[in-house]
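A short write-up of the structure that comes next.
The values are calculated or read from the model by the stated rules, or taken from the named source; none is laboratory data. Being a predicted model, the structure only gives us computed values, none of them experimental. Cβ sites come from the backbone with ideal geometry, for glycine too, and all protein chains shown count toward neighbours.
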Amino acid sequence: MAQSGKKQYAVIGMGRFGLSVASALSGMGFDVLAIDSNEQRTQEVSNIVTHAVSADSTDEEALRALGIRNFDVVVVAIGENIQASILTTLIIKDLGGPLIIVKAQNELHGKVLNKIGADKVIYPERDMGLRVAHHLTSPNILDYIELSDEYSIVDLQITKAMVGKNLKELDIRAKFGCNVMAIKTGAKMNISPAAHDRLAEGDILVIVGEKNDLTKLELAYSES
C-alpha cells in the first residue's frame, strides 16, 4: 500500500487526536493510511485520507498485511487502551522500518513506550494543559511548546514598552538567559533576527530557553 514517491504516514486510532493528525497530514498533501478497529470510524474518515482500513493493530499479521513497515512514519494515537497502545508499538518496532510516534496517556505510559523503542512520545492533553495555563497566567504568552524536561519555546506578544526597541536594547539573553529565535510580523517570519531589528506593534517574539528562565521572562512581561 505504501508505494508512491510521496512521504507516507500511517495513523492508528481514529479518536479525536488521531483524526486530527490524519486530517492535517492529508490536507498537507501526504499519503495517509488511517487504521482503527472500529469500522464506523474508518468509514467516517475514508473521504479525508488516502486509505482507511478497519483492523486490529494488536494483530501482527494484520499490520504485516497492510505493509506497515514500508511507511515513513507511523503515529500510534490509540486512546484509552494503554495495553493496545504498548502492544501495537512493540509489534511495529519488531516489524522494523518506520519512525514510530506514540501518544501517551501519562508519564508512566510514556516511560514504557520509551523503553520498548518508540522514537518519540507525545502528551497531547498535558501539552494543551500547559499551553492554556501559561496563556492564562501570562496573557502575552500566545503559545508554549515543551521541547524537553529542561527546555521550552514560547511565542511572546510584545508589550507597548517594547514597541520601537531593538533586540539589543531589550537584551533578553543577558537578562533572562533566553534566546530570540525569530520575529513574527503578521504572516512573515524573520528566522534570523539581527540585534538592530526594531519591533513594531503586533510583533511576536519566538523565544527558546530553560523553563526556569522562561518563567522569569513570563513574569516580567505579564507585569509590563
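I need the full set of residues from region 103-122 which are surrounded by 21 or more Cβ atoms within 10 Å (Cβ to Cβ) and either modelled with pLDDT of 95 or more or assigned to a helix (DSSP H, G or I) (or both), in order please.
At the first step, the residues of region 103-122 found to be surrounded by 21 or more Cβ atoms within 10 Å (Cβ to Cβ) are 103-104, 113, 118.
LEU113 - this is the single residue of region 103-122 that is surrounded by 21 or more Cβ atoms within 10 Å (Cβ to Cβ) and either modelled with pLDDT of 95 or more or assigned to a helix (DSSP H, G or I) (or both).
Can you say whether ILE35 is of a type in the set (Val, Ile, Thr), free of Cβ contacts under 8 Å to residues at least 40 places away in the same chain, on the phi < 0 side of the Ramachandran plot and surrounded by 23 or more Cβ atoms within 10 Å (Cβ to Cβ), as far as the supplied structure shows?
Details: of a type in the set (Val, Ile, Thr): yes; free of Cβ contacts under 8 Å to residues at least 40 places away in the same chain: yes; on the phi < 0 side of the Ramachandran plot: yes; surrounded by 23 or more Cβ atoms within 10 Å (Cβ to Cβ): yes.
Judged against the criteria, ILE35 is a match.
Scan (1) modelled with pLDDT of 90 or more; (2) closer than 24 Å to THR215 by Cβ for the single condition ALA161 breaks and write down its number.
(1)
Starting from residues that are of a type outside the set (Val, Ile, Thr), under 19 Å from the mean Cα position of the chain (by Cα) and surrounded by 15 or more Cβ atoms within 10 Å (Cβ to Cβ), keep the ones in region 80-102 and report whichever is modelled with the lowest pLDDT.
Let us first name the residues in region 80-102 that are of a type outside the set (Val, Ile, Thr), namely 80-81, 83-85, 87, 90, 93-99.
With under 19 Å from the mean Cα position of the chain (by Cα) added as a condition, the list becomes 85, 98-99.
Now drop any that are not surrounded by 15 or more Cβ atoms within 10 Å (Cβ to Cβ), which leaves 85, 98.
Numbers: SER85: 95, PRO98: 89.
Filtering first and then ranking leaves PRO98.
Restricting to region 170-196, what's the tally of residues that are of a type in the set (D, E, K, R) and either touching a Lys or Arg at 6+ places or on another chain (Cβ under 9 Å) or on the phi > 0 side of the Ramachandran plot (or both)? Before you say what the answer is, go through the steps one by one.
Taking region 170-196 and keeping what is of a type in the set (D, E, K, R), we get 171, 173, 175, 184, 188.
Add one more test, that the residue is either touching a Lys or Arg at 6+ places or on another chain (Cβ under 9 Å) or on the phi > 0 side of the Ramachandran plot (or both), and what stays is 171, 175.
Residues that pass the stated criteria total 2.
Matching residues to (1) modelled with pLDDT of 95 or more; (2) closer than 18 Å to ASP72 by Cβ; (3) outside the structural domain of LEU95 (by the TED database):
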| site | (1), (2), (3) |
| --- | --- |
| ALA24 | no, yes, no |
| GLY27 | no, yes, no |
| ASP31 | no, yes, no |
| ASP36 | yes, no, no |
| GLU39 | no, no, no |
| SER46 | no, no, no |
| ALA52 | yes, no, no |
| ASP56 | yes, no, no |
| GLU61 | yes, no, no |
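Search region 41-57 for residues being among the hydroxyl-bearing types (Ser, Thr, Tyr) and either closer than 23 Å to LEU90 by Cβ or in contact with an Asp or Glu (Cβ under 7 Å, 6 or more places away or on another chain) (or both), and hand back the single one that is surrounded by the fewest Cβ atoms within 10 Å (Cβ to Cβ). If you could, list the steps in order and put the result at the bottom.
First, the residues of region 41-57 that are among the hydroxyl-bearing types (Ser, Thr, Tyr): 42, 46, 50, 54, 57.
Subset that is either closer than 23 Å to LEU90 by Cβ or in contact with an Asp or Glu (Cβ under 7 Å, 6 or more places away or on another chain) (or both): 42, 50, 54, 57.
Working: THR42: 19, THR50: 19, SER54: 17, SER57: 26.
If we take residues in region 41-57 being among the hydroxyl-bearing types (Ser, Thr, Tyr) and either closer than 23 Å to LEU90 by Cβ or in contact with an Asp or Glu (Cβ under 7 Å, 6 or more places away or on another chain) (or both), then SER54 is surrounded by the fewest Cβ atoms within 10 Å (Cβ to Cβ).
For the subset of region 49-76 comprising residues that are of a type outside the set (Gly, Ala, Ser) and part of a strand (DSSP E or B), which member is farthest from ASN38 (Cα to Cα)? Explain how you work it out, then say what you get.
Applying the first criterion (of a type outside the set (Gly, Ala, Ser)) to region 49-76 yields 49-51, 53, 56, 58-61, 63-64, 66, 68-76.
Narrowing further to those that are part of a strand (DSSP E or B): 51, 53, 73-76.
Numbers: HIS51: 15, VAL53: 9, VAL73: 22, VAL74: 18, VAL75: 17, VAL76: 15 Å.
This residue is VAL73.
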